[in-house]
Amino acid sequence: MFLVAVVALYAGLLVAKQFLRGPALWDEADFWTASLSFSTRFIPTIEQLTSYKELNTPLPFILFGWLERLFQQDMFAGRLLCMLLSIVIVFAVGWPTARKGWRSHRCLTGLLLCPYFLLYSGLLYTDIIACFFVLMGVMGYVHNRHLISCIAFVLAIASRQYMLAFPAAIALYEFVTAMGNISWRSLKVNRQLRWKDQWRWMAPAIATGSILGWIILFQGLAPKPAFMTPDVSGAYSAVLAVASGDASPAVLVTNVPPVQQSLWALTPGAAVNFLSCVALYMVIPEAVLFMSRHPLRQVKSYLDRIGMKLWAIAALLLIFATIFPPLHSELGILIKLTNQISNEELKFVFFYGLALISCLRFAKFDVISLSVWLNCLIMMKAYPWDKYVLPLVVVFWYLKSRDLSVSRFVRSSSTAAKISV
């Protein structure tokens, strides 16, 4: 039944996407131009790596360029790659086993409820490739294959810079845990530290540090030509044109958000937008799909466990959102929902309410919660857009489908770490 459902789903997706042969949509034209610049050779030169005109790290464009060099199928081969990787993610999250029961089906439903997953599964975009490598990194970590996990996270960061939030979250969690497990008295006597036991945090830390290589190569966060290229077709340009009252296609504006044009610029309000997206695509679907027979009793029990932290979190978030209000110029479904509200105060309440339930859901010290908070920090450097929550959605539902608890690790010399959401 699972295989039939997946085949039917992707057969329908193929038809909807004109069997991956349709014209370029949105940013596909720009991404294809960047991909063609890498199609002339298999090993890119330094000049190629620093002269393409996209803000994205180059691995997806290199892969698309390789496919074009090998098969000469235009955008079809790259789109097919994204769809195949999407199917792998679906199998990783939704494959049913006797232990999972119906849990995997509900988690796969949660993943598919995020519309950006299927939307980008057959397009020449970088998102699915980045999600795939992040998921491989998390799977390697779960199965104690830390070298494989490290390599996968390095490739994820080479696909999208902001993927560094995931290995950074694992490194931080494992480092704090490792420091807490060290017998400092014994260490003082023996003066020996078992570095093998520190590999759990060192491997993701090394992967996180790979971002420095790209910063040195680019002499910034992205290739310099990406900051100087006018763009009349991108989504961000369209938003600026409409906002300025001139929606003419002749308007020439840069495709780089202002917050990314300066190394030190931040938009803290974008963190509230991101937390609202987390609630919309993760917390609320989880509550619906895994609703107990007594949901109100379950909510009350959870709030009782949080205790006074509930009021502290609510107050701190209110202060933060008041000083740095959520942005109303974002892209995606969330802002469309918000625009249905005419009153500005009610819009604030809407954003605040969604962000609050995200804060309450992830008010723990574990890998997935740290991933949420580090993504929030990174989103202060990005234009607010719903789709940036997609990698977090993939990781969340994968961990949920395996019933792993990131807040309670079971450790022994022969037992793999167990993670749960």
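The values are calculated or read from the model by the stated rules, or taken from the named source; none is laboratory data. Computed from a predicted model, the values in this text were never measured in an experiment. Counting neighbours? That spans all protein chains shown, and the Cβs are built from the backbone with ideal geometry, glycine included. Only protein heavy atoms, including side chains, enter the accessible area calculation; ligands, DNA and RNA are left aside. Shrake-Rupley method; radii C 1.70, N 1.55, O 1.52, S 1.80 Å.
Summary of computed values
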{"read-out": "Residues within the range 117-145 that are part of a helix (DSSP H, G or I), open to solvent by 10 Å² or more (accessible area, probe 1.4 Å) and out of contact with any Ser or Thr (no Cβ under 9 Å at 6 or more places or on another chain), tallied", "value": "1"}
{"read-out": "Conditions (1) surrounded by fewer than 23 Cβ atoms within 10 Å (Cβ to Cβ); (2) farther than 16 Å from Asp403 by Cβ; (3) within 17 Å of the chain's Cα centre (by Cα): number failed by Ile148", "value": "(3)"}
{"read-out": "Inter-residue pairs, beta-carbon under 9 Å, first closer than 8 Å to Ser276 by Cβ and of a type in the set (A, V, I, L, M) and in the range 347-360, second at pLDDT below 95 and outside any helix (DSSP H, G or I), 6+ apart", "value": "Ala355/Pro326"}
{"read-out": "Test: residue in the range 142-150 that is within 26 Å of Phe290 (Cα to Cα) and touching a residue at least 24 places away in the same chain (Cβ under 8 Å)", "value": "yes"}
{"read-out": "First in the range 318-331 and closer than 20 Å to Pro258 by Cα, second anywhere and of a type in the set (Gly, Ala, Ser) and open to solvent by less than 50 Å² (accessible area, probe 1.4 Å), Cβ under 6 Å, 6 or more apart", "value": "Phe324/Gly269; Pro325/Gly269; Pro326/Gly269; Leu327/Gly269; Leu327/Ala270; Leu331/Ala235"}
{"read-out": "Pair list, Cβ under 7 Å, 6 or more apart: the range 155-170 residue touching a residue at least 60 places away in the same chain (Cβ under 8 Å) and under 14 Å from Ile215 (Cα atoms), other residue assigned to a helix (DSSP H, G or I) and polar (S, T, N, Q)", "value": "Ile157/Ser210; Leu164/Thr208"}
{"read-out": "Conditions (1) closer than 23 Å to Arg21 by Cα; (2) open to solvent by less than 50 Å² (accessible area, probe 1.4 Å); (3) touching a residue at least 60 places away in the same chain (Cβ under 8 Å); number of the one not met by Ser104", "value": "(1)"}
{"read-out": "Residue selected from the range 200-224 under the condition surrounded by fewer than 18 Cβ atoms within 10 Å (Cβ to Cβ) and at pLDDT below 90, by the criterion nearest to Cys150 (Cα to Cα)", "value": "Leu221"}
{"read-out": "Helices (runs of 4 or more DSSP H) contained entirely in the range 265-374, each with at least 3 residues that are crowded, with 16+ Cβ neighbours inside 10 Å", "value": "269-278, 284-289, 309-323, 333-338, 344-361"}
{"read-out": "Scan of the range 17-57 for residues that are closer than 20 Å to Trp214 by Cα, open to solvent by 70 Å² or more (accessible area, probe 1.4 Å), assigned to a loop (DSSP other than H, G, I, E, B) and not aromatic (Phe, Trp, Tyr), ordered by number", "value": "Ile43, Lys53"}
{"read-out": "Any hit, the range 58-74, residues being open to solvent by less than 20 Å² (accessible area, probe 1.4 Å), within 20 Å of Ala158 (Cα to Cα) and not in a helix (DSSP H, G or I)", "value": "yes"}
{"read-out": "Qualifying position, being of a type in the set (A, V, I, L, M), at pLDDT below 85 and over 30 Å from Cys107 (Cβ atoms), among Val349, Val299, Val256", "value": "Val256"}
{"read-out": "Residue match in the range 88-106 (condition: closer than 30 Å to Phe227 by Cβ, of a type outside the set (Phe, Trp, Tyr) and under 17 Å from the mean Cα position of the chain (by Cα))", "value": "no"}
